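Everything on this sheet refers to the single structure shown next.
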Amino acid sequence: MHFEYNIEGGDFSKAGFASSQLKKVLKQLITDHKVVKRTVVALYEAEVNVVAHAYLGVVIIDIDTDKIKIQINDKGPGIEDISKAMEEGFSTASEKVREMGFGAGMGLSNIKNNSDDFKITSEVGVGTKLEIIAYLKTI
């Protein structure tokens with residue numbers, strides 16, 4: 001199965017759309033509710049990061065019999081120091097984003113903690129790419 005969703009930077013009203021759609025699909029396919037929850041949390045955090053930090057992004061989801069692979073590619077300022085950005089509590093979110101209750105600096109670590117495999121690359125001035133994988137026991 002293959003799904004794609006666009007994300008518009010700054011539009012918090014639609015943050016979480018892709019993760020809610022994925023949750024509906026996974027609840028029909030997978031009996032392991034922990035996998036569903038972890039995968040949806042990871043994707044939601046990624047969506048919020050795109051909305052908070054980038055101009056736009058795309059979510060690409062591929063589900064097969066042994067894994068869920070999620071790619072998030074954004075166009076934005078990129079991340080200067082990925083190691084620093086992975087530290088819990090580190091945030092470059094604007095004051096406006098923080099006032100809305102986002103930008104606590106937990107997004108990337110939550111994505112990593114809820115993924116079986118997680119890769120991130122970024123180019124300053126271009127954007128960031130994430131790959132999130134959740135392995136399945138049952139589909």
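Listing for the model above:
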{"item": "Subset of segment 106-139 (residues that are loosely packed, with under 15 Cβ neighbours inside 10 Å and among the β-branched types (Val, Ile, Thr))", "result": "THR121, VAL124, VAL126, THR138"}
{"item": "Segment 32-77, subset of a type in the set (Ser, Thr, Tyr) and under 11 Å from the mean Cα position of the chain (by Cα), residue surrounded by the most Cβ atoms within 10 Å (Cβ to Cβ)", "result": "THR39"}
{"item": "Among (1) at pLDDT 95 or above; (2) in a helix (DSSP H, G or I), the one test that LYS27 misses", "result": "(1)"}
{"item": "Residue that is nearest to LYS129 (Cα to Cα), among those in segment 88-105 that are aliphatic (A, V, I, L, M) and buried (at least 16 other Cβ atoms within 10 Å of the Cβ)", "result": "ALA93"}
{"item": "Helices (runs of 4 or more DSSP H) wholly inside segment 55-139 that include at least 2 residues being out of contact with any Pro (no Cβ under 7 Å at 6 or more places or on another chain) and at pLDDT 95 or above", "result": "107-113"}
{"item": "Every residue from segment 13-28 that is touching a helix residue (DSSP H, G or I) at 6+ places or on another chain (Cβ under 9 Å) and surrounded by fewer than 16 Cβ atoms within 10 Å (Cβ to Cβ)", "result": "LYS14, SER20, LYS27"}
{"item": "Residue within segment 29-41 that is free of Cβ contacts under 8 Å to residues at least 12 places away in the same chain, out of contact with any helix residue (DSSP H, G or I) (no Cβ under 7 Å at 6 or more places or on another chain) and more than 13 Å from ALA134 (Cβ to Cβ) present", "result": "no"}
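The values are calculated or read from the model by the stated rules, or taken from the named source; none is laboratory data. Remember, it's a predicted structure, so these values are computed and weren't measured experimentally. We place every Cβ from the backbone using ideal geometry, glycine too, and count neighbours over all the protein chains shown.
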